[in-house]
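The values are calculated or read from the model by the stated rules, or taken from the named source; none is laboratory data. It should be emphasised that the depicted structure is a prediction, and the values quoted were computed from it without experimental measurement. Ideal geometry is used to build each Cβ from the backbone, glycine not excepted, and the neighbour counts take in all protein chains shown.
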Amino acid sequence: MARIPQSPVGKILPRRAHDLVQEAMADTRVVLVNGPRQSGKSTLVGQIATSRGMTLFTLDDPKVREAARADESGFVRRAPTMVIDEIQRMPELLLPIKAAVDVDFVPGRFLLTGSARVLGLRALPDTLVGRMETIELWPLSQGEIDGAPDGFVDAAFALGPDLEHRSDEDIDGYIARIVRGGFPEAVARTGRRRAQFLKGYVGDLVNRDVVQLSEIERGPQMRALIDMLAVRSGNLLVPGKLASDLEISQHTVQSYLYLLEEVYLIKRIPALIRNLGTRTTHTQKVAMADSGIAAALLSQDEASLRRIGSPLGGLLEGFVAMEIARQLSWSETDAEMFHYRTKDQVEVDVVLQNRRREVVGVEVKASATPKAEDFRGLRHLAERLGDDFLAGYVLYTGDETLSFGPKLRALPISAVWQVAKP
């Protein structure tokens, strides 16, 4: 039985996913907490295991893996309720887990964690369709770090242009947040020690999880691709250009992008595809899942990001997009994230669309003074969507809410984590 890991930040920070896991275990036989390595999954499930009296095993322990391999069916019956940490290390256990929960319908029987999107593994012998609920755990959000509400998504759809916020955060504060990122180990460190951890994290991820998922043939090209994606964080993703620059096939690039998304290193943001009477591009955008990793790979610290010509704009956009992506995993509003761009380069950085096809648009600017031209893409989208367009926000580094016309507002960036849901 494994012990509960301690939080590297010196205290266990409450996670939004905690209540989601508890709710799922009340009515679902198998619950999977999935997310990147070092995001806090083991700490979270350790807390839940203790509160529920569950037996906890980690497949990162060679002795546990050996025991599980020797008797897979016997292993999953070792305790009435079990936590199995890092299930992607032995996906073959999912078949005996399926057999066990088909005999015993008690909810909360198994709580699993994974550091890759387990159901995408080619070696997976079977799935747990109808028996398992998956909850994603990303690195810490800014709200989880600060103890703030993290309610922007729900507030935006509920309040639209009536959403208001005032902030005392300035550009230096936002830059510090970008460089820090959200991994607990990185939050607990500063300066070179943080950058060293983040660069080492990427190296270990490629050498361990990516190789585990697929036998990659060109390790150096994979690392070069990751560096290119860091440069492009918050920008369009053009696999053909990446393939040309790396001198490998586009098919290989596509397979590598899939692997990097499987291990939660990047997130691809699809284009909004609707009949809007204009020539829209279908090209995806890409964001590094953690802004601290992107900054470390670009060798950017707080001082360098303050300089003219730094990659601050793209890093800031990726940072905001991923904060919103984290919120979408727990918000009451059932929405998806897109971006919008036309062949004439009219664009909106982030587009949120709910199940009623209502839309909230978000532009991210590294300026403390919003301008009317910053709303060009939002106005374009509002004209084409009509009543489906609820609100458009330019998130900027200033301190107050400003109106730029019907349904259009400039908001401080910190509204993303400081605004409470209505």
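Could you check the stretch 18-33 and list, in sequence order, the residues that are closer than 12 Å to Leu112 by Cα and not in a helix (DSSP H, G or I)? Scanning the stretch 18-33 gives Arg29, Val30, Val31, Leu32, Val33. Restricted to the stretch 332-351, and to residues there that are in contact with a Gly (Cβ under 8 Å, 6 or more places away or on another chain) and not charged (D, E, K, R), the residue that is farthest from Ala420 (Cα to Cα) is Val346.
Restricting attention to the stretch 34-59 and to residues that are assigned to a strand (DSSP E or B) and within 25 Å of the chain's Cα centre (by Cα), the residue that is nearest to Arg117 (Cα to Cα) turns out to be Asn34. Against the criterion of being surrounded by 21 or more Cβ atoms within 10 Å (Cβ to Cβ) and of a type outside the set (Gly, Ala, Ser), Arg189 does not qualify.
Only one entry in Arg379, Arg356, Arg307, Arg384 is assigned to a helix (DSSP H, G or I) and either without any contact (Cβ under 8 Å) to a residue 60 or more places away in the chain or crowded, with 24+ Cβ neighbours inside 10 Å (or both), namely Arg379.
A quick yes/no check of all residues on (1) closer than 27 Å to Arg89 by Cα; (2) modelled with pLDDT under 95:
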site: Ala188; (1), (2): no, yes
site: Arg194; (1), (2): no, no
site: Phe197; (1), (2): yes, no
site: Gly203; (1), (2): yes, yes
site: Val206; (1), (2): yes, yes
site: Gln221; (1), (2): yes, yes
site: Leu246; (1), (2): no, yes
site: His251; (1), (2): yes, yes
site: Gln254; (1), (2): yes, yes
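Annotation note: of Leu119, Leu124, Leu137, the sole residue that is modelled with pLDDT of 95 or more and among the aliphatic types (A, V, I, L, M) is Leu137. Between Val64, Val31, the distinction of being touching an Asp or Glu at 6+ places or on another chain (Cβ under 7 Å), of a type in the set (A, V, I, L, M, F, W, C) and touching a residue at least 24 places away in the same chain (Cβ under 8 Å) belongs to Val31 only.
Hey, does the stretch 249-261 have a residue that's within 30 Å of Val348 (Cβ to Cβ), acidic (Asp, Glu) and surrounded by 14 or more Cβ atoms within 10 Å (Cβ to Cβ)? Yes: one or more hits. Check the stretch 221-233 and report whether any residue there is farther than 16 Å from Met322 by Cα, without any contact (Cβ under 8 Å) to a residue 60 or more places away in the chain and acidic (Asp, Glu). No, that holds for no residue.
Restricting attention to the stretch 310-348, which residues are more than 18 Å from the chain's Cα centre (by Cα), buried (at least 16 other Cβ atoms within 10 Å of the Cβ) and within 24 Å of Pro139 (Cα to Cα)? Pro311, Leu312 - these are the residues of the stretch 310-348 that are more than 18 Å from the chain's Cα centre (by Cα), buried (at least 16 other Cβ atoms within 10 Å of the Cβ) and within 24 Å of Pro139 (Cα to Cα). Scanning the stretch 317-331 for residues that are in contact with a strand residue (DSSP E or B) (Cβ under 8 Å, 6 or more places away or on another chain) and closer than 19 Å to Val419 by Cα turns up Glu317, Val320, Ala321, Met322, Ile324, Ala325, Leu328, Ser329.
Only residues that are buried (at least 17 other Cβ atoms within 10 Å of the Cβ), within 22 Å of Arg16 (Cα to Cα) and either within 18 Å of the chain's Cα centre (by Cα) or not small (Gly, Ala, Ser) (or both) were counted across the stretch 146-164, and they come to 6. Could you please find all residues in the stretch 277-304 being assigned to a loop (DSSP other than H, G, I, E, B), buried (at least 24 other Cβ atoms within 10 Å of the Cβ) and in contact with a strand residue (DSSP E or B) (Cβ under 7 Å, 6 or more places away or on another chain)? Matches in the stretch 277-304: Ala289 only. For Ala99, indicate whether it is buried (at least 18 other Cβ atoms within 10 Å of the Cβ), in contact with a helix residue (DSSP H, G or I) (Cβ under 9 Å, 6 or more places away or on another chain) and aliphatic (A, V, I, L, M). Criteria not met by Ala99. Taking Leu246 as the residue in question, decide whether it is hydrophobic (A, V, I, L, M, F, W, C) and more than 30 Å from Trp417 (Cβ to Cβ). Spelling it out, Leu246 is indeed hydrophobic (A, V, I, L, M, F, W, C) and more than 30 Å from Trp417 (Cβ to Cβ).
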